[in-house]
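The values are calculated or read from the model by the stated rules, or taken from the named source; none is laboratory data. Nothing here was measured: the structure is a model prediction, and the numbers come from that model. Every residue, glycine among them, receives a Cβ derived from its backbone with ideal geometry; neighbour counts consider all protein chains shown. Each accessible area value is taken on the protein alone, full model and side chains, heavy atoms only, with ligands, DNA and RNA left out. Shrake-Rupley method; radii C 1.70, N 1.55, O 1.52, S 1.80 Å.
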Amino acid sequence: PVPASVLGSGLGLGVLTAMELKDGYYFGFSASDTAFNVLGAALSLTLENLPAVDELVDLRLEYWPSQDFLAERRTTGSINVFEDYSGQTYYLAVHLGPLIPSRSPRFVRWLGYLDVVGAYKTRGFTPVPDDPARAHQRHVFVGVALNVQALADLALGGRPTTGFRVAKQVSHTFTELISVPYTTWRVVGWNDR
C-alpha cells in the first residue's frame, strides 16, 4: 500500500505540475499553485498511510453553481462545472468526534457531529463576471460545520442487510469528499480583492 500511495500521489502531482507548466505559457506560472499541489500530495500520502489522521481530517469540496456560470450556460450551453471556480469552496475539516472521550456526558458527545473547518474559495475568476467589481476575490475563513458523514453513518449504521451496508459505505465515502451546501457556519474570515 505505501508504494502504491507514493506512486498515486506522485502521478497526481506530476499531472498537476504539467498543467501549471502549460498554464505558464498562457496565463503565467503560479508558484503558489505548485506549492499547494505539493502540500496536497503530501496530505494525500499522510491520510492514506496514517488511519488515525484520516479518521480525524477530511478534505472536501462544496459546489453550488455560480450566477456567472448559470448566465454563461444560458448563452453558450456550456456545462463545464469544473471551470466554475466561482461555485467551488474547498474545506479542511477536523472532526470533533474522535477527540471526545466515549465516557463524556451525552450532551458533550453530540459535539461529535460537528467539524471545525478551514475554507478557501475564489469568486470572479472563471467564469469572468460582467461586473468588474465582482472580479478576483479570494475568501479564507474558519467555521463550524455539521459532520454530515457522522450523521449519515448514524442513520445507516447497524442495519443487517447488504443494501444498508452498501448505502452506508457509499454515503461515508461521498460525504468524506463532498461538503453538503448550507451546512457550514462561517465564524471568522478574511477577504482579498
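At-a-glance table
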| item | result |
| --- | --- |
| Leu21-Val108 FRET efficiency (beta carbon distance; Förster radius 41 Å; 0.05 resolution) | 0.25 |
| Percent carbon-and-sulfur accessible area, region 119-193, ignoring ligands, DNA and RNA, probe 1.4 Å | 64 |
| Sequence of Ile178, Ile100, Ile79 from largest to smallest accessible area, 1.4 Å probe | Ile79, Ile178, Ile100 |
| Region 48-167 - percent relative contact order, Cα under 8 Å, separation 6 or more | 22 |
| For region 1-117: rounded, prolate or oblate by the Cα gyration tensor [a/c cutoff 1.5] | oblate |
| Total charge dipole magnitude, region 15-96, about the Cα centre, Cβ charges on Lys, Arg, Asp, Glu only, Debye to nearest 20 | 200 |
| From phi via Karplus (6.51, -1.76, 1.60), per-residue ³J(HN,Hα) for region 178-191 in Hz, x at Gly/Pro | 10, 8, 6, x, 6, 10, 10, 10, 6, 9, 9, x, 9, 10 |
| Sum of -39500 (n - 2.57) over DSSP H runs of 4+, divided by residues of the chain (222 nm, nearest 500) | -14500 deg cm²/dmol |
| Residues of region 69-84 with amide N under 15 Å of the 7 Å Cα→Cβ point at Ser30 | 82-84 |
| Contour excess over end-to-end distance, with Cα ends at Ala52 and Leu99 and 0.36 nm allotted per residue | 15.8 nm |
| Inter-probe distance in nm under a simple model that places probes 7 Å from Cα toward Cβ, at Asp130 and Tyr63 | 2.5 |
| Whole-number percent relative contact order across region 104-193, with pairs defined as alpha carbons under 8 Å at least 6 apart | 33 |
| Accessible heavy-atom area order of Arg106, Arg186, highest first, probe of 1.4 Å | Arg106, Arg186 |
| Positive-pole candidate from Pro65, His172, Pro1, dipole of the chain, charges at beta carbon | His172 |
| Degrees, to the nearest 10: 31-49 long Cα axis against longest axis of the chain | 20 |
| Solvent-accessible area of Lys22 with every protein chain in place, 1.4 Å probe, in Å² to the nearest 10 | 100 |
| Nonlocal amide H pairs with Asn147, under 5 Å, H built at 1.01 Å | Leu114, Asp115 |
| Pair Val6, Leu70: separation of 7 Å Cα→Cβ label points (nm) | 4.9 |
| Efficiency of FRET between Asp192 and Thr162 - r from beta-carbon atoms, R0 30 angstrom, step 0.05 | 0.05 |
